[in-house]
Amino acid sequence: MRANEQQIEEYKLDRAVRLGLEQARRTRSRRGISACRTRIGYGALAAVLLTSLAALLILAPNQNPGGNAAQKGVSGPAASLNPAAQPPDYAMKQIDSHKDWKKALEHGLYQPINQTQEKNGYRVTVDGVLADSKVVIVFYTAENLEGNAPIKLIRSTQLNFGSETGSVGYDNPYFESDPKKASVTFGRFEFFNADSTTDLTPGTLAFSGYWGNEALPEEDQALMEFSFSINPELDKAAVEKTIPINQSVKVAGDTITIKDALMGPLHTWIVVDFSKSLQPIEDLYQPKLTIGTGNNLVHLYAFLNLPYLKMRNEPNKIVLPFEGGIYEKDTSTITLMANGIERSTLLSQQITVNTDTGQIIHAPDDRLKFEGITKQDGQLLLSLSLKPSANGGENYMKQSFDLNSTFTDTKGNEFTFKTPSKTSISADGTANQVTVGLEDRKYNQPLTFTVPFYQGAIIESPITVTGKEETAK
């Protein structure tokens, strides 16, 4: 029954039931009433009816309590995609907790996949996907065939759509254990495409990833690859729209242009252009998005752990991703608000310090301070701190910063830390501190250290822009 439920779409099964009943009726007519009274005639008819009844029982537990989209009066091309396709019970529970996912399901955007692979004692089944042109939510069942330790998708290695490798983010992994069997887990993960010119769907989605118990070494994990077609016959003109905003704002001398709002069933992408900025900008600070007005005002939430997406081949643009939007009552007005900008100082920065005099020769900005160098346990302990910038207020990125494990002196000689860098927050909570142990010796000053990821300062300045959908004249 489980296999039939997964492999046969409901509308096809309904058609088979109707054909079975029609065939029985015709058989009965040809044989006549007397033939139907024979044991063989009754048996044939009973077999057909029992098959039909079994098929209906298979479907009965998985019917959408609210009815399918056609029954609820959903109009437009999207309503005819595949409203009868229903996800497994675990996926349905997850979808029920997301309003935009439920609406996408009602409009037929869920697609059964039912692909299974086994490797290294693990069995993984991609049950189905909920997809539009920018977001693909993959639902899977994973089982550890050799024990009760749960397994999950640990990391994704590659994603292709169509014939291209996409500019895609992988995010929001989630899994839960089967309460009836500890070795089975149900999970999901999501793919995001930031490219405004290329869609995830319709097309072929191919991805590979490592599955297993993340507590075990990599050789005990299994690399599995899946490839399947995603083609919901999506009429983009009917279920997607672009609301132009095209407004520029200035923050601390930087010009930021909010370009467009790209809206679909599962996404609202806000395109931001930083090409006119005097200094590099990493992101908008605490962005919020609302659509509609008055009683129809709805707040859209940003995707977790995905503050922005880089536009492929367009380094000066980013995409701010938010959940859902197109099926709301009023999408004619969309407003983006932010508390400011976060400056970017690029991923890797160098710091030059004269540890003899306590002088910082070079730093990415004036937030970096020399806190001292002391002798302890046969080594030199160097301490630096990253404080708020003068125009950043108290709200800055309070994430720790780190140093690479090697440094050089002024003659280019390379040295390794005797004690790895340790990071912490200052006692008053206003600075990030890093402390490293150097060999106790005389160095050719100054010394150069590398910060692999230097946090940008936040400039607080309110940003509010509103766009309206253009109506045909």
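Residues whose amide H comes within less than 5 Å of that of residue 447, counting only those at least five positions distant or on another chain, are 353, 354, 355 (H built at 1.01 Å from N in the peptide plane). Convex hull volume of the Cα atoms of segment 268-336, normalised per residue: 105 Å³.
For the pair residue 180 and residue 359, a Förster radius of 51 Å applied to the C-beta separation gives a FRET efficiency near 0.20, rounded to the nearest 0.05.
Ligands, DNA and RNA are left out, and with a 1.4 angstrom probe the accessible area of segment 211-364 is 46 Å² per residue.
Do any of 181/422; 181/310; 102/259; 99/181; 103/288 go past 31 Å between their Cα atoms, and which?
Over 31 Å Cα-Cα: 181/422; 181/310.
Normalised per residue, the accessible area of segment 400-458 is 49 Å², obtained with a 1.4 Å probe and no contribution from ligands, DNA or RNA.
Express in % the proportion of alpha carbon pairs of segment 404-447 at distances exceeding 11 Å. Looking at segment 404-447, the distances longer than 11 Å represent 71 percent of pairs. Along the Cα-to-C-beta direction of residue 310, a point sits 7 Å from the Cα; which residues of segment 333-353 have their amide N less than 16 Å from that point? Those under the cut-off are 344-349. For segment 270-281, backbone phi angles converted through the Karplus equation (6.51, -1.76, 1.60; θ = phi - 60°) give residue-by-residue couplings of 9, 8, 10, 10, 9, 5, 9, 6, 6, 10, x, 10 Hz, Gly and Pro being listed as x. Each Lys or Arg adds one and each Asp or Glu subtracts one; over the other residues with Cβ under 15 Å from the Cβ of residue 251, this totals -3. Here's how it looks for residue 122: its modeled amide H is under 5 Å from those of 145, which are all 5 or more places away or on a different chain. When the residues 174, 285 are ordered by accessible surface, computed with a 1.4 Å probe over the protein chains alone, the sequence from largest down reads 174, 285.
The values are calculated or read from the model by the stated rules, or taken from the named source; none is laboratory data. Small disclaimer: the values here were computed from a predicted structure and weren't measured. With ideal geometry, Cβ positions are generated from the backbone for all residues, glycine too; neighbour counts draw on all protein chains shown. Surface accessibility is based on the protein's heavy atoms, side chains included, excluding ligands, DNA and RNA. Shrake-Rupley method; radii C 1.70, N 1.55, O 1.52, S 1.80 Å.
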